[in-house]
Structures are given as structure tokens and as C-alpha cells.
Amino acid sequence: MSALSKDVDVAKQPGRIEMVTFGCRLNTYESEVMRREAESAGLGALDGGAVIFNTCAVTGEAVRQARQAIRKARRDNPAARIIVTGCAAQTEPEKFATMDEVDLVLGNEEKLKANSYRALPDFGVNDTEKARVNDIFSVRETAGHMVDAIEGRARAFVQVQNGCDHRCTFCIIPYGRGNSRSVPMGAVVEQVKRLAGNGYAEVVLTGVDMTSFGADLPGAPKLGKLVKTILKQVPDVKRLRLSSIDSIEADEDLLDAIATESRLMPHLHLSLQSGDDMILKRMKRRHLRDQSIRFCEDVRKLRPGIVFGADIIAGFPTETEAMFENSEKIVEECGLTHLHVFPFSPREGTPAARMPQVRRELVKQRAARLRAAGEAAYQRHLSSMAGSRQSILIERDGLGRTEGFTLAALGTGAPGEIVEAEITGHDGIRLTAAPLAARAA
């Protein structure tokens, strides 16, 4: 499962098409493809424009937030066509099709095709079926959609893989994305070349289960080979970043690239989910806690200073206090810095939803404790960087990210520019930095 963000991206084009994106970086990338396809279909020319929701299904809360946002969008845009797609639409199409505010529901495969957006009365379609969602498991390939830019962003995303062959007991995502499918290496390289040529200094590789990349391609290349090929064939890309990996699937070429390729960013987000062996087994994960700890130790030897983030679920069914404490401990034992904490949310249709549940108030308390452990680790990380020299990619308003993905404030620099700076301190949220040229002056 890819690293997931709680952010909701809203990209507006007044009177035309407004994209509302929930969830992961793959959704962000796909929203740009959707915008292009919807424009090609003529959706932006309709009176009142359109609002397209690209939803997330990872938690019940994500679905609730999407429904709430849809209702607000209808109040704010009474004349707009409202289209709902994404993982929640794929797994629960009827939940959105029965909403009076919604004009059309599209599945994850349909959302990437221009013709799908013409399934509205405006285009002469008289079919009363609001939901157009096919069987995602019938999809066998993932195309390398070309995107010239990611609106409003200093870094670009490139999809290398989609879907997942694993069946973790808590996860609904395979039912929204289907089985694992890889984008051919040549298409990925060409997309990175295109984005680097358009001025993007950093490209992020994304996928649902990215370390499964290549298993379905001729010769079964692994993610490490793809990374090395990109860095060799696209010398203009200054920074290459991985969105999320499953450490148990990290191949030798990937580890070698981490050790030897300075343009591969020293930041890995790990799909840990728990720090307790029994819970990991009940989740049907493929690693144990000691393997995660050893992976972080080994990679630090290859790339000193590398920064680790992780997804961890609090309050998984049957989790005792002792089991939870193992998850608390692994934050320090792995040296995690950027933590994504998910209070367990039972998803209908998954085995975990049928397991003995932890009380909701206890789930929330444990999530708060995990977040506190993550915050303490982040504060230690911020303090440890004082006096260091960092390359910072400016995102907006003098704010940017270090190579280790830590937020930093410079107060200068244009979006997309990489600035060499010295870290002067932090304010508890972000690093403070001074450009080296300014300090020399």
C-alpha cells in the first residue's frame, strides 16, 4: 500500500473543471490525467463547469470526508456537474450513486478515459445509470499516461505500478485498484525525461505496491533496475524520490542505488503497519518487527543520514496493551521521523472487520500516543540538523523540502529552485535555513 496523505488537494479552474483529490500520491498523478481527459471530452465547456472528486477508500473516515465534501460542493456550485471516482467510488459505487448531489460515478479504470466523461445528458446520453464501474480485476495492464505538469507543484509524480496482489486483512485497496500491474520501463523513462525537460527538478515514483514493480513484465525487472535505468538515461533529473516501499521486497539493485546514487533521495517511507509480530501475522503482512529494525540499520550503514517515515495502524483488532507498546517502541528502534498514524477503521468486506474489535475510545487513545511518539521523534530529528548543509527544493513562499523530505523555511527562492542552505535551527514545525550565498555575503 502506498504512503497515504491526509491532505485534500483542490485545483480550481473557475467556470471550468475543479479537481478535488483525496489520499495518495498516485491519486494526485491520476488527477492530472483525469483533468486532461475531461477537458478533451468537453466537460470544461459546459455551463456551470464540473467538479470531479477523486476519492480514497483506505479508511471509513476518508469515505465520510468525501461525501461531506460532495454535499458542500453542490451547495457552493448548484449548476456544476459533480462526478465521483477513485477507490471509494470503485468499492462503494452505490453509496455515491444514491446521493442526489452526484451526476455520475466512474470506476478507477473508467476515470482515465475521455469518453467516460461524456456519459452525461449534456452529451446526449439518455442512460439513467449513474454508476459506470467495471470489474477492476479484469484489468490486466496499466498504461504509462504522459503528463506534462502537475498543477501547483514543484515536484512531479510518475506512476510505475498500480494494484496489489497481496491481501492484507485490513485493506480494501486491492478491491479498488485490482491486481498488480506494472508500467513498462520504457514508458516510465520517457515520462521522467518529459518532466525533467519541462523543468521539474524532482520526480517522485508512485504506485500502490511499488516494490512489486516488474513481476508482470518481460524479464521481470525489479524496482532497483528501474531506478538505475532512470538515473542513467535521464541525467537531467536532479532528484529522484520513492513514494513508499515494502522493505521486505527491497531488491539488491535498489539497495545498491540507495548506497551509490546521490540523486536518489535519502528518504524512504515504509509500509510497517505494526511493530508486533502477532498483529503483523493477523494482518497477513510479510515481515516481522526484527526484519524492519534490521532493514533500517542496514540501510543506514549504506546511506548515513537517510530519513525513514512509516505507516502504522493503532488499535488493530485483538491488539493488547503489550502488542501496542511494541508499535510504540518501533518508532525509536527503527529511527522513524515522518509518521503516518491510522486509527484502525474496519472496512466492510475485509477479514479484519470480522475480528474482535478494540474499543473505539481505546483506538483513539493509542493513535494519540503513537502520534506523540512520532512528534517526539520528529523534534529530535529537527534538532539534530542544526548547523548542517542541506539542498532544499523550494515549493512555495520560501518553503521547501530537504533531500530527506523535511520541511524548511528560507524566506527566499522560486518554486522549483534548489537552494543550498545552512540549517540555523527550527520552530518545532519546520527547519529554519539561510542560503549559503547570503551567509557568505
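Here is a list: Glu332, Glu319. Which entry is surrounded by fewer than 19 Cβ atoms within 10 Å (Cβ to Cβ), over 21 Å from the mean Cα position of the chain (by Cα), within 20 Å of Arg371 (Cβ to Cβ) and of a type outside the set (Val, Ile, Thr)?
Testing whether each residue is surrounded by fewer than 19 Cβ atoms within 10 Å (Cβ to Cβ), over 21 Å from the mean Cα position of the chain (by Cα), within 20 Å of Arg371 (Cβ to Cβ) and of a type outside the set (Val, Ile, Thr) leaves just Glu332.
Find the residue count for segment 172-213, including only residues that are in a loop (DSSP other than H, G, I, E, B) and surrounded by fewer than 22 Cβ atoms within 10 Å (Cβ to Cβ).
The qualifying residues number 5.
Residues to consider are Ala367, Ala376, Ala353; find the one that is out of contact with any helix residue (DSSP H, G or I) (no Cβ under 7 Å at 6 or more places or on another chain) and in contact (Cβ under 8 Å) with a residue 24 or more places away in the chain.
Ala367
Mind checking which residues of segment 327-356 are part of a helix (DSSP H, G or I) and over 30 Å from Pro266 (Cβ atoms)?
Pro351, Ala352, Ala353, Arg354
Tell me, please, whether a residue that is closer than 26 Å to Arg289 by Cα, at pLDDT 95 or above and among the small types (Gly, Ala, Ser) can be found in segment 224-237.
yes
For every residue, the table says whether it meets (1) within 21 Å of Arg241 (Cβ to Cβ); (2) out of contact with any strand residue (DSSP E or B) (no Cβ under 7 Å at 6 or more places or on another chain); (3) not acidic (Asp, Glu).
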residue: Ala372; (1), (2), (3): no, yes, yes
residue: Ala377; (1), (2), (3): yes, no, yes
residue: Thr402; (1), (2), (3): yes, no, yes
residue: Thr424; (1), (2), (3): no, no, yes
residue: Asp427; (1), (2), (3): no, yes, no
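The conditions are (1) assigned to a helix (DSSP H, G or I); (2) open to solvent by less than 50 Å² (accessible area, probe 1.4 Å); (3) farther than 21 Å from Ser243 by Cβ, and Lys301 fails exactly one of them. Which is it?
(2)
Has segment 271-292 got at least one residue that is within 21 Å of the chain's Cα centre (by Cα) and under 30 Å from Glu190 (Cβ atoms)?
Checked against the condition, which is being within 21 Å of the chain's Cα centre (by Cα) and under 30 Å from Glu190 (Cβ atoms), segment 271-292 yields at least one hit.
For Lys281, are the conditions met, namely being closer than 23 Å to Ile173 by Cα, of a type outside the set (A, V, I, L, M, F, W, C) and either free of Cβ contacts under 8 Å to residues at least 12 places away in the same chain or touching a Cys at 6+ places or on another chain (Cβ under 6 Å) (or both)?
Yes, satisfied.
Given the conditions (1) open to solvent by less than 60 Å² (accessible area, probe 1.4 Å); (2) closer than 23 Å to Asp311 by Cα; (3) modelled with pLDDT under 95, which single one is not true for Glu348?
It is condition (1) that Glu348 fails.
Could you tell me which residue of segment 40-69 is least open to solvent (accessible area, probe 1.4 Å), considering only residues that are of a type outside the set (Gly, Ala, Ser) and at pLDDT below 90?
Checked segment 40-69; the qualifying residue least open to solvent (accessible area, probe 1.4 Å) is Leu43.
Of the conditions (1) outside any helix (DSSP H, G or I); (2) more than 30 Å from Pro317 (Cα to Cα); (3) not aliphatic (A, V, I, L, M), Ser383 clears all except one; give me its number.
(1)
Under 9 Å between Cβ atoms, which residue pairs at least 6 apart in sequence (or on different chains) link something in segment 400-417 that is buried (at least 16 other Cβ atoms within 10 Å of the Cβ) with a partner that is aromatic (Phe, Trp, Tyr)?
Final answer for the pair search is Thr406/Tyr378; Gly416/Tyr200.
What do you reckon, is Ala421 open to solvent by 30 Å² or more (accessible area, probe 1.4 Å) and not acidic (Asp, Glu)?
No; evaluated as a whole, the condition is false for this residue.
Being free of Cβ contacts under 8 Å to residues at least 60 places away in the same chain and within 22 Å of Ile172 (Cβ to Cβ): is that true of Thr91 here?
no
Counting only residues that are open to solvent by 10 Å² or more (accessible area, probe 1.4 Å), touching a helix residue (DSSP H, G or I) at 6+ places or on another chain (Cβ under 6 Å) and not small (Gly, Ala, Ser), how many does segment 247-262 have?
Here the count works out to 4.
So Val51 fits all but one of (1) more than 14 Å from Ala88 (Cα to Cα); (2) in contact (Cβ under 8 Å) with a residue 60 or more places away in the chain; what number is the exception?
(2)
For the structure I just gave you, tell me whether Ser388 is more than 25 Å from Lys238 (Cα to Cα) and free of Cβ contacts under 8 Å to residues at least 60 places away in the same chain.
So Ser388 fails the test.
For segment 229-247, what are the residues that are over 28 Å from Gln273 (Cα atoms) and either in contact (Cβ under 8 Å) with a residue 24 or more places away in the chain or touching a Cys at 6+ places or on another chain (Cβ under 9 Å) (or both)?
Scanning segment 229-247 gives Thr229, Ile230, Leu231, Gln233, Val234, Asp236, Val237, Lys238.
The values are calculated or read from the model by the stated rules, or taken from the named source; none is laboratory data. Computed from a predicted model, the values in this text were never measured in an experiment. Note that we place each Cβ from the backbone using ideal geometry, even for glycine, and neighbour counts take in every protein chain shown. Quick note on the areas: whole protein, heavy atoms, side chains included, nothing else; ligands and nucleic acids left out. Shrake-Rupley method; radii C 1.70, N 1.55, O 1.52, S 1.80 Å.
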